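Here's the structure we're looking at; comments come further down.
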Amino acid sequence: MRCLSGVQPSGKLHLGNYFGAMRPQIELQAEHECFYFIANYHALTSLTDPKAMEEYTLEVAMGFLAIGLDPDKTVFFRQSDVPEVAELMWILSTVTPVPLLQRCHAYKDKLAQGLSANAGLFTYPVLQAADILIYRSHLVPVGQDQKQHVEITQDIQTKFNQQFGEILVRPEPLIREEVAVVPGVDGRKMSKSYDNAIELFIPEKQVRKKIMSIVTDSTPVEDPKDPDKCNVMALLRLIADDEERAEWEERYRKGGMGYGESKKRLFELFVERLGPARAKYDEFNGNRDYVEEVLAAGGRKARAVACEVMDEVRKATGIVINRAR
Ligand code: ADP
Ligand code: TRP
């Protein structure tokens with residue numbers, strides 16, 4: 001089965017991205033043919049600094065390679081290296097009902113945050129549908145927040161095929177229900193927009209500082225504590241193995257343990273578990289030409305697939321590209 005997912009280059013990667021999206025996506029490489037890309041066209045709806053766009057694109061690429069994306073197995077590329085996706089987006093927009101886009105949570109949330117609504121923000125799900133449909137993707141591994149976008153893609157695929165014939169493949173979302181929302185240092189969902197994230201590839205000293213700043217309640221050291229209501233424990237549960245997780249839960253319930261201790265262990269485990277990926281990230285950072293080559297090679301492979309689908313789409317819609325120049 002072909003699995004496809006995209007990630008926006010919109011900031012530094014953090015533990016929420018890692019547990020919620022990146023790690024499960026990397027695991028899928030073992031069983032599926034994966035197409036993963038960096039959604040720079042999508043990021044343009046909110047990121048307008050060209051230097052930051054280039055930098056974050058490479059940071060995301062280095063991050064995925066560092067945590068185990070294998071470019072020999074997985075087609076890994078920049079969205080914009082396949083410009084046909086913008087062409088398909090236009091064609092799909094002509095079969096997309098406006099109310100379908102008006103219902104979209106991501107669009108409504110952004111409006112509620114006071115972001116001015118450009119057409120890109122509104123038609124964002126149509127571009128996402130083009131991303132998914134142009135590679136004939138079967139599965140789309142994403143977090144809960146993206147489920148609606150995949151459902152919109154299914155609706156658009158149905159409309160297109162009804163209109164022009166059975167050309168596009170219906171994708172299914174692949175959502176790991178067991179991956180809970182990862183909390184940030186203030187207990188809200190970890191997100192770069194809340195300034196509460198523990199980033200994966202920042203210097204160790206800063207990681208320690210962030211972990212030590214995780215908000216906890218004021219239960220005295222000697223009292224029992226509820227492991228289900230602690231932000232430190234929520235992260236420990238994700239990073240520790242089963243045995244250690246059970247030990248910490250017991251220590252919480254017994255009392256006589258301060259939050260400083262669990263924070264210290266969380267920091268140690270972060271360094272232990274993410275140490276190898278962090279070292280690889282530094283290596284890639286020192287060899288950015290290699291990272292560029294990986295993306296360029298992935299882009300060529302992805303484009304070859306996209307061009308085949310586009311030939312069929314053009315034929316079905318009667319949009320012919322005049323090759324006799
Ligand atoms: P941010 O909220 O920092 O802007 P993104 O929306 O760019 O993060 O996240 C990319 C993907 O990472 C999301 O689609 C989601 O699946 C996952 N993700 C982000 N934050 C979390 C979190 N706190 N818990 C679980 N998954 C998350
Ligand atoms: N909208 C996704 C996000 O913000 C990124 C994305 C763009 C995507 N195109 C995609 C995800 C196609 C899956 C499939 O996380």
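The values are calculated or read from the model by the stated rules, or taken from the named source; none is laboratory data. Since this is a predicted model, take the numbers as computed values, not measurements. So basically every Cβ, Gly included, is an ideal-geometry build from the backbone, and we count neighbours across all protein chains shown. Side chains are part of the model used for accessible areas, which takes the heavy atoms of the whole protein and leaves out ligands, DNA and RNA. Shrake-Rupley method; radii C 1.70, N 1.55, O 1.52, S 1.80 Å.
Per residue, the average separation of C-alpha pairs within less than 8 Å and at least 6 apart gives the range 101-189 a relative contact order of 28 percent.
For the range 1-146, a Kirkwood hydrodynamic radius built from all Cα pairs, placed in the Stokes-Einstein relation at 25 °C and 0.890 mPa s, yields a translational diffusion coefficient of 154 µm²/s.
May I ask you to give the solvent-accessible area per residue for the chain, in square angstrom, as obtained with a 1.4 angstrom probe? If you can, show how the numbers build up before the last one.
On the way: 16290 Å² over 325 residues.
I get 50 Å² per residue for the chain.
Could you work out the relative contact order of the range 143-212? I mean the mean sequence separation of Cα pairs under 8 Å and 6+ apart, divided by the number of residues, in percent.
Numbers: 46 pairs, mean separation 14.1, N = 70.
Reported as a whole number, the value is 20 percent.
Counting helices only, and only those DSSP H runs with n ≥ 4, report the 222 nm mean residue ellipticity of the chain as the sum of -39,500 (n - 2.57) divided by its residues, in deg cm²/dmol to the nearest 500. Could the numbers behind the result be given before it?
Values: 13 runs with 170 residues, N = 325.
Value at 222 nm, helices only, nearest 500: -16500 deg cm²/dmol.
Between the residues Ile214, Ser262, Cys230, the greatest Cα displacement towards the positive end of the dipole of the range 208-281, with unit charges on the Cβ of Lys, Arg, Asp and Glu, is found for Ile214. The alpha-carbon atoms of the chain, seen along their principal axes, cover 79, 44, 38 angstrom, with the largest extent given first.
Please check the chain for the longest run free of GluC sites (Glu not before Pro) that are loop-located per DSSP (anything but H, G, I, E, B) and have at most 15 other Cβ atoms within 10 Å. Write out the running numbers ahead of the final one.
Values: sites that count: Glu31, Glu166, Glu177, Glu178, Glu222.
Between exposed loop sites, the widest span is 32-165.
Springs between Cα atoms under 10 Å define the GNM used for the chain, and in it the highest mean-square fluctuation of Gln102, Gln113, Gln146 occurs at Gln113.
At a Förster distance of 25 Å, what's the computed FRET efficiency of Glu178 paired with Lys205, Cβ-Cβ distance as r, to 0.05? Numbers along the way, then the final one.
Details: r = 33 Å, r/R0 = 1.31.
With R0 = 25 Å, the Cβ-Cβ based efficiency is 0.15.
What is the sum of charges, Lys and Arg at +1 and Asp and Glu at -1, for the other residues whose Cβ falls under 12 Å from the Cβ of Gln154? Let's see the in-between values first.
On the way: positive: Lys147, Lys159, Arg170; negative: Glu151, Asp155, Glu172.
That sum, taken over residues with Cβ under 12 Å, equals 0.
Using the membrane-span-like helix rule (whole DSSP H runs, Cα extent along the own axis of at least 20 Å, mean Kyte-Doolittle hydropathy at least 0.5), which helices of the chain qualify? Taking the DSSP H segments of the chain (at least 20 Å long, mean hydropathy at least 0.5), we get 119-133. Under a model in which nothing but the beta-carbon of Lys, Arg (+1) and Asp, Glu (-1) is charged, the chain shows a dipole of about 760 debye around its Cα centre.
Would you work out what percent of the accessible area of the range 202-283, with all protein chains in place, is carbon or sulfur (probe 1.4 Å)? Before the final figure, lay out each step's value.
Details: 2350 of 4720 Å².
Using a 1.4 Å probe with all protein chains present, the range 202-283 comes out at 50 percent carbon and sulfur.
Here's how it looks for Phe77: its modeled amide H is under 5 Å from those of Tyr36, Phe37, Ile38, which are all 5 or more places away or on a different chain. Of the trypsin sites (Lys or Arg not before Pro) in the range 163-221, the ones in a loop by DSSP (not H, G, I, E or B) with at most 13 other beta carbons within 10 Å are Arg188.
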